[in-house]
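Here is the structure we will look at, set down as structure tokens.
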Amino acid sequence: MRCLVHLLDDDGSISSCFHGSVRTMWRSFLGNLSSSLFSSHPNIKLKFLNSCISSIPSFPWARWPYQDTYAATLDSVQGHMIAVLMQLKPRSQESLEAFTRRRHCYCGKLASKHGRWSQQWARSICSWRDHAGRRHDPGSWPSPVLDWHGADWITQRRLLASSGLASRTGTRAGRGKVHKHWEESSSGSSGKSWA
């Protein structure tokens, strides 16, 4: 289901929304490539990426639970776009493998220096959690929604519905992959330091 810029999956996955955002990012990136952009200073190219391209997923990504596989894909897209913009050429007598490794290292360093998109995503989740937790507006709906059926409720459901070695919550209508809850990533349970 489409809701503003979000694509909501019926199984709680972020797959459709994430991949839709990546497709939109590539469309915007390729649509804006020009000789003037290629000839501009590297800082201008990176500013273009951070202002025009990363802004596409930055609206929905506060809703996405942080997941390492999606984060790696986001960083890979960023590195690929940097590689296209920087137009590195192989040196004479340089093997394809050595050139690929050099380009990958160069683009990775630039991405780290100017901010990896996966880290911006993680910080956005924590920022939204902190904002909703402050409860400035008692009539606002995000705080009650975040408090409804939180981690404690899931733990209680597991205690009631599990048997033997199986860990079940008894909350699903059908079989399928159990997707990560937003609350799991907003609490920093993956052990990363995002602040």
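Observations on the model:
- Leading residue by the ranking (nearest to I44 (Cα to Cα)) among those in the range 93-149 that are free of Cβ contacts under 8 Å to residues at least 60 places away in the same chain and among the aromatic types (F, W, Y): Y106
- Of the helices (runs of 4 or more DSSP H) that lie entirely inside the range 43-118, those containing 3 or more residues that are among the small types (G, A, S) and surrounded by fewer than 19 Cβ atoms within 10 Å (Cβ to Cβ) span 68-86, 96-114.
- None of F38, F48 is under 18 Å from S112 (Cα atoms) and either out of contact with any His (no Cβ under 7 Å at 6 or more places or on another chain) or not charged (D, E, K, R) (or both) except F48.
- Considering residues of the range 119-135 that are surrounded by fewer than 17 Cβ atoms within 10 Å (Cβ to Cβ) and of a type in the set (G, A, S) only, the residue farthest from I56 (Cα to Cα): G133
- Members of the range 9-42 found to be in a helix (DSSP H, G or I), more than 18 Å from S76 (Cα to Cα) and not small (G, A, S), listed by number: N32, L37, F38, P42
- Any pair with Cβ under 7 angstrom, 6 or more apart, that starts in the range 70-86 at a residue that is under 13 Å from W121 (Cα atoms) and touching a residue at least 24 places away in the same chain (Cβ under 8 Å) and ends at one that is in a helix (DSSP H, G or I) and of a type in the set (S, T, N, Q): A71/S118; L74/S118; D75/S118
This table checks each residue for (1) in contact with a strand residue (DSSP E or B) (Cβ under 7 Å, 6 or more places away or on another chain); (2) within 20 Å of L33 (Cα to Cα); (3) of a type in the set (F, W, Y).
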site	(1), (2), (3)
D68	no, no, no
S76	no, yes, no
S95	no, no, no
F99	no, no, yes
K109	no, no, no
S112	no, no, no
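- Per-region count, the range 12-32, residues of a type outside the set (S, T, Y) and surrounded by 13 or more Cβ atoms within 10 Å (Cβ to Cβ): 10
- Where A132 falls short, out of the listed (1) in contact with a Pro (Cβ under 7 Å, 6 or more places away or on another chain); (2) modelled with pLDDT of 90 or more: (2)
The values are calculated or read from the model by the stated rules, or taken from the named source; none is laboratory data. Note that the structure is predicted; figures quoted are calculated from it, not measured. Virtual Cβ from ideal backbone geometry, glycine too; neighbours counted across all protein chains shown.
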